[in-house]
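Written out below as structure tokens is the structure these notes cover.
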Amino acid sequence: MTQVLGLGLGEVVMQLGDIQLRTISGGKFLIDGGTMFGVVPRTMWEPLFPADDQHRIRQATNCVLVSQEDQHTLIDTGYGSKLSDKQRDVFQSEAGDPLLESLAAHSITPDQISTVILSHLHFDHAGGATRMNEQQLLVPTFPNAEYVVQRREWMIATAELPELRGAYPQDNLLPLKESGQLRLIDGDQEIIPGFHSMVTGGHTAAHQVILIEHGDLMSVYLGDICPTSRHLKTLWGMAYDVDLLQVRRQKSKILSGIADQGWLALFDHDPDVAAAYLDRDPKKEFVVAEQFAQL
Ligand SMILES: [Zn+2]
């Protein structure tokens, strides 16, 4: 049974069985609307997601914090605190370390996080995984955490492929390996009790969706397979997707499961709807049945 405990400060707090699930902000930003909708004509997406006079739309990085007694698991880390001044200007990103500030608002310190699961390694998901410490050294942000990444995603992200130049800043990644905190996994599996990886590919070659078990029900962190509640059309993808057809196949499968099983969908980039239950709809495929909006 889902009990919504609170909505506020851009966050959703839910009690799901004996676990507490919170969506917490890893930082808001602005981005060109076309990049988030790829081949979808602007005349179709803009009524759902109005752009500003520079063609930008609002984006969130809704990370997920799952707490069970003193076990705290984090899914994705937002863009962190290491963006250059130029990047901050382009993305109008938040100053400081938005994720750590969100955790502090819940009285959680970085050393309390035991596991960090990364859906994929783009900067807006893995940027908060590392930080520059007081001695100006790059270190993992969460000193006691195991960081869990799909091996294939890691291999591609650290291969410094010229065609992916800029997609995977190495400062977000290499400190995780150097500190011995990196755990590479291969394919679908139970990562830690109650957390299951489902490799989708599509957005990146080994992008994974995370299923969080609570009793008979599940919450599904969709990552960038369906980044916002305005991406429910199964043919819609992002300009960043390396394999749009795979995104379409996987999105159809996963949203069907969510709607048919009554699971909770968690949207990583939606600035307004962090979590929602979905229904099938004969015309629109899937619609939001009940949304947990951010205030
Ligand atoms: Zn993203």
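For every other residue with a beta carbon closer than 13 angstrom to the beta carbon of Glu213, add +1 if it is Lys or Arg and -1 if Asp or Glu, then tell me the sum.
Taking every Cβ under 13 Å from that of Glu213, the sum is -3.
Just Asp111, Asp279, Asp124 to compare: in a GNM of the chain, with alpha carbon springs under 10 Å, which one fluctuates most?
Of Asp111, Asp279, Asp124, the Gaussian network model singles out Asp111 as fluctuating most.
For segment 2-293, divide the Cα radius of gyration by the Kirkwood radius and give the resulting Rg/Rh value with two decimals.
We get a ratio of 0.93 for segment 2-293.
Rank Ala159, Ala129, Ala239 by mean-square fluctuation in a GNM of the chain with C-alpha springs under 10 angstrom and give only the top-ranked residue.
Of Ala159, Ala129, Ala239, the Gaussian network model singles out Ala159 as fluctuating most.
Using a Gaussian network for the chain with springs between C-alpha atoms less than 10 Å apart, which of these wobbles most: Lys283, Lys253, Lys233?
Lys283
Quick one: grab Rg to one decimal and Dmax as a whole number for segment 159-295, Cα atoms only, in Å.
16.0, 51
With a sphere of radius 12 Å drawn around the Cβ of Leu255, what net charge do the other residues whose Cβ falls strictly inside it have (Lys, Arg +1; Asp, Glu -1)?
+3
Express as a percent, rounded to the nearest 5, the fraction of DSSP beta bridges in the chain (both residues included) that run antiparallel.
So the antiparallel bridges amount to about 80 percent of the total.
What does DSSP give for segment 1-124 in terms of the percent of beta bridges that are antiparallel, rounded to the nearest 5?
85
Sticking to Cα atoms, compute the Rg of segment 31-102 to one decimal and its Dmax as the biggest Cα-Cα distance, whole number, in Å.
Cα only, segment 31-102: 15.7, 48 Å (Rg, Dmax).
Separation between the Tyr240 and Asp52 pseudo-spin-labels, each 7 Å from Cα along Cα→Cβ, expressed in nm?
With each label point 7 Å from Cα toward Cβ, the separation is 1.9 nm.
Given axes a ≥ b ≥ c from the Cα gyration tensor, I'd like to know whether segment 41-181 is rounded (a/c under 1.5), prolate (a/b larger than b/c) or oblate.
prolate
When the helix-only estimate is applied to the chain (DSSP H runs of n ≥ 4, each -39,500 (n - 2.57), divided by the residue count), what is the mean residue ellipticity at 222 nm, nearest 500 deg cm²/dmol?
When only DSSP H runs of four or more count, the value is -5000 deg cm²/dmol.
Bear in mind these aren't lab numbers, they're just calculated from the coordinates by the rules spelled out. Everything numeric in this text was worked out from a predicted model, so none of it was measured. Note that each Cβ is placed from the backbone with ideal geometry, even for glycine, and that neighbours are counted across all protein chains shown.
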